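Engineer: Below you'll find the structure I mean.
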């Protein structure tokens, strides 16, 4: 069984973010980076599935500049077998469709049984790359996966999806398939010293994509920090019942949640 895991480099959660001069993205020149959280869980699930089968290959795929190799090396140290690096500087300027197209071109010939991605990235949070990638590869997909039945691997895979309002769904997918993994699905392992040393000998294949005439269907107009404002409005003029009536009316007409 071959499993490809998409992993992305994002700004560290504790980093102090500053808007870039062009106001199109954050200034990443002096901030620390880390692996996207849900991508880390996707890798863990792939490794556990390989261990459950006792055989197979886990291939990590990352799209980004040369600094993204940090994510790749960490994944290899945790247990991934090899990696594909789709080299694309200024990847923040690419739409989810462009990113999915580049990744699809890079992994299509791998003929993977499964493709795992995180649910969404911690920076742009589109949550669309995995879904679009499945369409481009022509395979079924499942989103917000919170459990995988590792014993159901006879051409099919049974997964548990999170739905709205506390509901869940068990569904059987025919392989090959793509799953977007929810954070917290399992306990992520750390890279061991042995794994770090072994990672130095593992293959990292670089792929340089060409966008060609395939342009973005979207553009970021401006990135800005949200303005913090506070406004207090007194209702009922001291009369509790009157205030309650006014509150209900505002919830109906202004907030529109009733």
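The values are calculated or read from the model by the stated rules, or taken from the named source; none is laboratory data. Computed from a prediction, not measured in an experiment: that's the story for all the values here. Neighbour counts run over all protein chains shown; Cβ positions are idealised from the backbone, glycine included.
Engineer: Hey, which of the strands (runs of 3 or more DSSP E) in segment 1-102, taking only ones fully inside, have at least 1 residues that are at positive phi?
Structural biologist: 57-64
Engineer: Has segment 30-44 got at least one residue that is touching a residue at least 12 places away in the same chain (Cβ under 8 Å), assigned by TED's automatic domain parsing to the domain that holds residue 159, loosely packed, with under 15 Cβ neighbours inside 10 Å and closer than 24 Å to residue 125 by Cβ?
Structural biologist: So far as segment 30-44 goes, yes, one or more of its residues are touching a residue at least 12 places away in the same chain (Cβ under 8 Å), assigned by TED's automatic domain parsing to the domain that holds residue 159, loosely packed, with under 15 Cβ neighbours inside 10 Å and closer than 24 Å to residue 125 by Cβ.
Engineer: While we're here: Is one or more of the residues making up segment 182-202 surrounded by 14 or more Cβ atoms within 10 Å (Cβ to Cβ) and not assigned by TED's automatic domain parsing to the domain that holds residue 102?
Structural biologist: Scanning segment 182-202 turns up no residue that is surrounded by 14 or more Cβ atoms within 10 Å (Cβ to Cβ) and not assigned by TED's automatic domain parsing to the domain that holds residue 102.
Engineer: Hey, another quick one. If only one of 72, 99 is touching a helix residue (DSSP H, G or I) at 6+ places or on another chain (Cβ under 6 Å) and buried (at least 20 other Cβ atoms within 10 Å of the Cβ), which one is it? Talk me through it step by step, then tell me what you get.
Structural biologist: Details: 72 fails: touching a helix residue (DSSP H, G or I) at 6+ places or on another chain (Cβ under 6 Å).
Criteria check complete, one pass: 99.
Engineer: Being within 17 Å of the chain's Cα centre (by Cα), surrounded by fewer than 21 Cβ atoms within 10 Å (Cβ to Cβ) and in contact (Cβ under 8 Å) with a residue 40 or more places away in the chain is the filter here, so list the residues in segment 75-92 that pass it.
Structural biologist: Across segment 75-92, the qualifying residue is only 92.
Engineer: Could you identify the single residue in 139, 107, 148 that is crowded, with 16+ Cβ neighbours inside 10 Å, over 30 Å from residue 15 (Cα atoms) and in contact with a helix residue (DSSP H, G or I) (Cβ under 7 Å, 6 or more places away or on another chain)? Give the derivation first.
Structural biologist: On the way: 139 fails: in contact with a helix residue (DSSP H, G or I) (Cβ under 7 Å, 6 or more places away or on another chain); 107 fails: in contact with a helix residue (DSSP H, G or I) (Cβ under 7 Å, 6 or more places away or on another chain).
Sole residue among the options that is crowded, with 16+ Cβ neighbours inside 10 Å, over 30 Å from residue 15 (Cα atoms) and in contact with a helix residue (DSSP H, G or I) (Cβ under 7 Å, 6 or more places away or on another chain): 148.
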